[in-house]
Amino acid sequence: MYDFDTIIDHHGWASEKWAEVREVMGPDSDDVIALSVADMEFKTAPEIQEALHRAVDTGIYGYEYCTDAYYAAVQSWMLRHHHWDIKREWISVSDGVMTGVFTALRAVTHPGDAVIIQRPVYYPFTNAAVRNGLSILDNELVLGDDERYVMDYADLERKASDPRCTAMLLCNPHNPVGRVWSRDELSTVAQICLRNGVTMLVDEIHADFVYDGHEVTMFSTLGEDVAANCIEFTAPSKTFNLAGLITSNVVISNPELKRRFDIAADNVAGLSVNHFGLVACQAAYEHGEAWLNELRGYLDGNLDMLRSFAAAQEGVTLVEPEGTYLAWLDCRGLGMGSDELRDFMRNRARVFFDEGALFGDSGKGFERVNLACPRRMLEQACSGIAHALGERG
Ligand SMILES: Cc1ncc(COP(=O)(O)O)c(C=O)c1O
């Protein structure tokens, strides 16, 4: 019913992803396939486009508030998709997840404190900590022999008990390693943080993408004590390719934490809401389900293709994703240093990834693959790599 196969001409579109390719690779880079920045090479759902068209046609773009219908759409989506019953007064609309994370860090930490992150992880987490005057305690994820990442709880307990540690930034599902943390894993983390007075900031922006056999647990559904100790970040931006409309929803059930969050937001003149972002988010949560279901099937097909490609290449292993539309390719078996691997992918294979080293030292030798693209693009990327590996001998 929906079209995920058409390749969109990126020349007519101010895309950060493709601009970076041109900037790094120069003007003769039209043959390069970009599978880097985590937005999609698909148009959003037509149902959302129609709602946006209607909003444009009113010609009225003055100051707006969040309507009852907006909140109801968010609440209903979370209940239907995540068995998560949230109250309207728990929701703050934010201009993007990272703006919410910055605000939350200012609300629950003081400069000089330390925050736990789990590398390799979405690199703006590091930036958010550093920009807020925090030092980082890296509870590095551990890659088992089965190519599956797990958490190191003993190390987490040690770091959480550091008197400087006041917050932990958790990514669930995890970008880039693709883990959908189980209820048990999340409970263990929650208990460690509760025991040590560490406030949890949980980024659930990828929660709408899980592969069969896995289920996302929204952190605060673990129990009232856990909910009272956390701030959660959700958004329709990954799910429906709406990142440019910078609209996300922060959920805080603890009134005292919410008060601190609101003060931190007010201290920088409040979080902005954008009329078109609100319209798109509401339409997505009300009418986007069919599109999303079809997209999930398409992503399954893309993942199958990447899996077969990796299985056929010596030295390349897929870290099987459980969620997100990102995949993590272990290329350490190719025996290249991380600069060499990046240059090989870009200049020989003509594929532009977000290189693993961006996500922390433990990401060296990996590449993050954005699967949210027409299959022909992924096919071209895979054959570019296979060909370049063949030439290398
Ligand atoms: C884990 C994670 N959090 C946050 C973001 C960015 O969200 P926003 O653009 O709403 O700040 C991304 C984008 O890739 C992400 O992967």
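No lab work stands behind these numbers, since they all come straight from the coordinates. Since the structure is predicted, the reported quantities are computational estimates derived from the model, not experimental observations. Because the Cβ atoms are built from the backbone with ideal geometry, glycine has one as well, and the counts that use them run over all protein chains shown.
When the Cα centres of the range 63-101 and the range 154-169 are compared, how far apart do they sit, in Å?
Answer, in whole Å: 30.
Quick one: Karplus J couplings for the range 265-277, per residue in order, coefficients 6.51, -1.76, 1.60, θ = phi - 60°, nearest Hz, x for Gly and Pro?
5, 4, 5, 10, 6, x, 7, 8, 10, 10, 3, 6, x
Please list, or write none, the lysines whose alpha carbon is within less than 26 Å of the alpha carbon of Lys43, excluding same-chain residues fewer than 8 places away.
Cα-Cα hits under 26 Å: Lys17, Lys238.
Where the Cα atoms of the range 84-127 are projected onto their three principal axes, how long is each span, largest first, in whole Å?
32, 24, 20
In whole Hz, what ³J(HN,Hα) sequence does the range 322-339 give by Karplus (6.51, -1.76, 1.60; θ = phi - 60°), x for Gly and Pro?
9, x, 6, 9, 10, 10, 10, 9, 8, 10, 4, x, 7, x, 9, x, 5, 5
Which order do the peptides 380-391, 56-67 come out in when sorted by mean C-beta neighbours inside 10 angstrom, highest first? Show your work: numbers first, answer last.
Numbers: 380-391: 16.6, 56-67: 9.5.
For the peptides 380-391, 56-67, the packing ranking is 380-391, 56-67.
How large is ³J(HN,Hα), in whole Hz, for each residue of the range 26-38 in order, when computed from phi with the Karplus curve 6.51 cos²θ - 1.76 cosθ + 1.60 and θ = phi - 60°, using x for Gly and Pro?
So the J values, rounded to whole Hz, are x, x, 8, 10, 5, 7, 7, 9, 9, 10, 9, 3, 7.
Which of these, Gly26, Gly288, Gly112, has the largest mean-square fluctuation under a Gaussian network model of the chain (Cα springs below 10 Å)?
Highest fluctuation of the listed residues: Gly26.
List every residue whose amide H lies under 5 Å from the amide H of Thr247, counting only residues 5 or more places away in sequence or on a different chain, with H placed 1.01 Å from N in the peptide plane.
The answer is Gly96.
Using a Gaussian network model of the chain whose springs link C-alpha atoms within less than 10 Å, name the residue from Asn132, Asn172, Asn249 with the highest mean-square fluctuation.
Between Asn132, Asn172, Asn249, it is Asn132 that shows the largest mean-square fluctuation.
For a quick check, take a GNM of the chain with Cα springs below 10 Å and name the residue from Val189, Val198, Val316 with the largest mean-square fluctuation.
The residue that fluctuates most here is Val316.
Over the residues of the range 61-287, compute the C-alpha Rg and express it relative to 2.2 N^0.38 Å.
On the way: Rg = 16.8 Å, N = 227, 2.2 N^0.38 = 17.3 Å.
The value comes to 0.97.
For the range 248-317, run through the GluC sites (Glu not before Pro) and keep only the ones in DSSP coil with at most 11 other Cβ atoms within 10 Å of their Cβ.
Details: sites: Glu256, Glu286, Glu289, Glu294, Glu314; in loops: Glu314.
Passing both the DSSP loop test and the Cβ count: Glu314.
Report the semi-axes of the equivalent ellipsoid for the range 319-393 in whole Å, largest first, where each axis is √(5λ) for an eigenvalue λ of the Cα gyration tensor. Display every interim value, and only then the final one.
On the way: eigenvalues 65, 60, 20 Å².
Listed largest to smallest, the semi-axes of the range 319-393 are 18, 17, 10 Å.
Below 8 Å between Cα atoms, with a sequence gap of 6+, how large is the relative contact order for the range 61-287 in percent? It would help to have the intermediate numbers written out before the result.
Numbers: 402 pairs, mean separation 58.9, N = 227.
Reported relative contact order: 26 percent.
Before anything else, pin down the relative contact order of the range 333-393: Cα pairs under 8 Å, at least 6 apart, normalised by residue count, whole percent.
Details: 51 pairs, mean separation 20.0, N = 61.
Relative contact order for the range 333-393 comes out at 33 percent.
Can you tell me which of 117-125, 228-236, 157-165 comes out highest on packing, and rank the rest after it, using the mean Cβ neighbours within 10 Å? Let's see the in-between values first.
Working: 117-125: 22.9, 228-236: 25.1, 157-165: 16.7.
Ranking, from highest mean packing down: 228-236, 117-125, 157-165.
What fraction, in whole percent, of alpha-carbon pairs in the chain exceed 30 Å separation? Numbers along the way, then the final one.
Values: 31185 of 77028 pairs.
Result for the distance tail: 40 percent.
Using modelled backbone amide H atoms (1.01 Å from N, in-plane), which distant-in-sequence or interchain residues come within less than 5 Å of Cys165's amide H?
Amide H to amide H, under 5 Å and 5 or more residues apart or across chains, Cys165 pairs with Ala114.
Need one number: % antiparallel among DSSP beta bridges in the chain, to the nearest 5.
Around 50 percent of the beta bridges assigned by DSSP in the chain are antiparallel ones.
Looking only at Cα atoms, what is the convex hull volume of the range 268-382 per residue, in Å³? Write out the running numbers ahead of the final one.
On the way: hull volume 18.4 nm³, N = 115.
Per residue, the Cα convex hull of the range 268-382 comes to 160 Å³.
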